[in-house]
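Accompanying notes for the structure given below.
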Amino acid sequence: VQLQAFGGGLVQAGGSLRLSCAASGGVFGFNVVGWYRQAPGKQRELVADITWGGSAHYADYVKGRFTISRDNAKNEMHLQMNSLKPEDTGVYYCRLWSTTTTYENWGQGTLVTVSS
């Protein structure tokens, strides 16, 4: 499965962006999919993830501002980001992983820049 992330860009603080991640050459299946981000000089961190059944989990710093969703039929995942802050700046990566095996797959990143 190849994952392709897109939708990043430059936005002012308080604005919104919608990121998307699409799978090709395979399907999401029953795997968990999620978004990670890596800010300059920092480690990659989990932003949000969602199970096949739609159960979502968010990092505390995005709760109430970001919404993750997935379309199992289209093998797409989205991250609606509202009320963006400069500290949300970073490269956002989509990831697919199994909770029962060691299988995982990363997409390439998409850059989000939030100006103050």
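Points worth noting:
- Meets criteria (small (Gly, Ala, Ser), at negative phi, within 11 Å of the chain's Cα centre (by Cα) and surrounded by fewer than 21 Cβ atoms within 10 Å (Cβ to Cβ)) for Ser16: no
- Within segment 82-104, the set of residues being out of contact with any Gly (no Cβ under 9 Å at 6 or more places or on another chain) and surrounded by 13 or more Cβ atoms within 10 Å (Cβ to Cβ) comprises Asp88, Thr89.
- Conditions (1) open to solvent by less than 20 Å² (accessible area, probe 1.4 Å); (2) free of Cβ contacts under 8 Å to residues at least 24 places away in the same chain; (3) under 11 Å from the mean Cα position of the chain (by Cα); number of the one not met by Thr67: (1)
- Look at segment 6-32: where a residue is under 23 Å from Asn72 (Cβ atoms) and touching a residue at least 12 places away in the same chain (Cβ under 8 Å) and a partner is open to solvent by less than 30 Å² (accessible area, probe 1.4 Å) and of a type in the set (Asp, Glu), sitting 6+ places away or on another chain with Cβ atoms under 8 Å, you get Val32/Asp49.
- When Ser69, Ser55, Ser83, Ser98 are checked against the criterion of being polar (S, T, N, Q) and on the phi > 0 side of the Ramachandran plot, Ser83 stands alone in meeting it.
The values are calculated or read from the model by the stated rules, or taken from the named source; none is laboratory data. Being a predicted model, the structure only gives us computed values, none of them experimental. With ideal geometry, Cβ positions are generated from the backbone for all residues, glycine too; neighbour counts draw on all protein chains shown. Accessible surface is based on the protein model in full, side chains and every heavy atom, while ligands, DNA and RNA are left aside. Shrake-Rupley method; radii C 1.70, N 1.55, O 1.52, S 1.80 Å.
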